[in-house]
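*Asks:* The structure under discussion is supplied below as structure tokens; questions concerning it will follow.
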Amino acid sequence: MQTNHQHRQLRGDLLVLIAVFCVLGGYLAYRTKTYLNQTTIQQTTTIRTGPGIEYRGTMELPKGTRVAVIRSKYEWLKVTTSANQQGWVPAWKLPAKYRPVIRSLKNATIVIDPGHGGSDSGALAVHGQMEKTYTLKFARMVAAKLRAKGAKVYLTRDSDRFVSLKARPALAKRVHANLFISFHFNSSPDENEASGFTTYYYHRGPSLQLAQDVNHQMRHLPITDKGSRFGNFLVIRNNTVPAILIEGGYINTSHDFQYIRSPRYRNVMTSDVVAGVQHFIETNH
Ligand SMILES: [Zn+2]
């Protein structure tokens, strides 16, 4: 009995000792990892409560501040300072090796641009319906579907308001988006004389690839596929990130407009766009 009890006691002590070593080892490993992940802020930057410019800034980190990188989300890094202040900073304010490689929609930052708005109605349908109304409907639906897959989405407008052309690509630059998509509907000089959707790119390389990936997914839409084409539009030309502009049909052609106004067409087309974006993000890096 006595020996048995001693054995149990000894085993208990041993377990406590092992536990202490594990905790200590874990802590040291954590400290080492934190130490190895130390780097320096390249430009003075605001530390924020979350991974995005929409989160509140809590303090300024001057250029040269030493920080340890804890983890990344989107194009943002969670860091801690030697004074134990924690928060999120843009990865582009740190040395390039800290810039995350985005391979999934869960970490993608996307700017969606509903064409026109406010005093700029865009083109008009045969019975006067305005292009700006439909660009916003499509943009909102794409945004919702991308967000459901974990992406961070910024809309250049989320209401019927005027936004300058220059401000649209500027947003993509400010948030370091991984890609930019503008929604429009075409119109022809005379009613009912043209039909089809087109995906425009301006820059070759990733923008062209994005246009092809998205257009490929839209090939089964019930209106004519006019393919991916070069287009000289400011919002994609002045863009610093992969950028495309979708003309989702001719708004002043009754055949196309019956689809443009239909929730079913909108649902199918926006799902196609998401599938194209997903393919682009997962294969282009
Ligand atoms: Zn337009």
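Readers should treat all values here as calculations from the given coordinates under stated rules, not as data from a laboratory. This is a predicted model, so every value here is computed, not measured. Glycine gets a Cβ as well: all are built from the backbone with ideal geometry, and neighbour counts include every protein chain shown.
*Asks:* With r as the distance between the Cβ atoms of SER119 and ASN267 and R0 = 51 Å, compute the FRET efficiency 1/(1 + (r/R0)^6) and round to 0.05.
*Replies:* About 0.95, to the nearest 0.05.
*Asks:* If you don't mind, another one. Please name which of ASN186, MET141, HIS220 has its Cα lying farthest along the dipole of the chain towards the positive end, using unit charges on Cβ (Lys, Arg +1; Asp, Glu -1) and the Cα centre as origin.
*Replies:* The residue sitting most towards the positive pole is MET141.
*Asks:* At 1.002 mPa s and 20 °C, plugging the Kirkwood radius over alpha-carbon pairs of the stretch 6-152 into Stokes-Einstein gives what diffusion coefficient in µm²/s?
*Replies:* 111
*Asks:* With everything on Cα atoms, drop me the angle between helix 131-148 and the longest principal axis of the chain, reported from 0 to 90° to the nearest 10.
*Replies:* Approximately 20 degrees, to the nearest 10.
*Asks:* For the residue pair ALA170 and GLN86, what label-to-label distance in nm results when each label sits 7 Å from Cα along the Cα-to-beta-carbon direction?
*Replies:* 3.6
*Asks:* Ok, one more. Before rounding to the nearest 500, sum -39500 (n - 2.57) across all DSSP H runs of length at least 4 in the chain and divide by the residue total; then give [θ] at 222 nm in deg cm²/dmol.
*Replies:* -12000 deg cm²/dmol
*Asks:* Further, regarding this structure: What are the GluC sites (Glu not before Pro) within the stretch 41-115 that DSSP puts in a loop, where the Cβ has at most 15 other Cβ atoms within 10 Å?
*Replies:* Passing both the DSSP loop test and the Cβ count: GLU54.
*Asks:* Less than 30 Å apart at the alpha-carbon level, and either on another chain or at least 8 residues along: which lysines does that give for LYS173?
*Replies:* Within the straight-line cut-off, LYS173 pairs with LYS63, LYS73, LYS78, LYS93, LYS97, LYS106, LYS132, LYS137, LYS145, LYS149, LYS152, LYS226.
*Asks:* Moving to a separate point now. Taking the C-alpha atoms of the stretch 240-285, how large are the radius of gyration and the largest Cα-Cα span, Dmax, in Å?
*Replies:* According to the Cα coordinates of the stretch 240-285, Rg and Dmax are 13.4, 41 Å.
*Asks:* Kindly work out what percent of the DSSP beta bridges joining two residues of the chain are antiparallel, to the nearest 5.
*Replies:* Beta bridges within the chain, antiparallel portion: roughly 55 percent.
*Asks:* Once you treat every alpha carbon in the stretch 151-285 as an equal point and sum by Debye, what is log10 I(q)/I(0) at q = 0.13, 0.18 Å⁻¹?
*Replies:* Log10 of I(q)/I(0), two decimals: -0.54, -1.05.
*Asks:* List residues of the stretch 227-270, by number, whose backbone nitrogen lies under 20 Å from a label position 7 Å along Cα→C-beta of ASP190.
*Replies:* 250-257
*Asks:* Full extension from ARG161 to ASN284: what is 0.36 nm times the residue separation minus their Cα-Cα distance, to one decimal in nm?
*Replies:* Using 0.36 nm per residue and subtracting the Cα-Cα distance, I get 40.9 nm.
*Asks:* Please compute the modelled spin-label separation between SER104 and GLN258, points set 7 Å along Cα→Cβ, answer in nm with one decimal.
*Replies:* Output for this residue pair reads 4.3 nm.
*Asks:* Taking just the C-alpha trace of the chain, give me its Rg and Dmax in Å.
*Replies:* 25.8, 103
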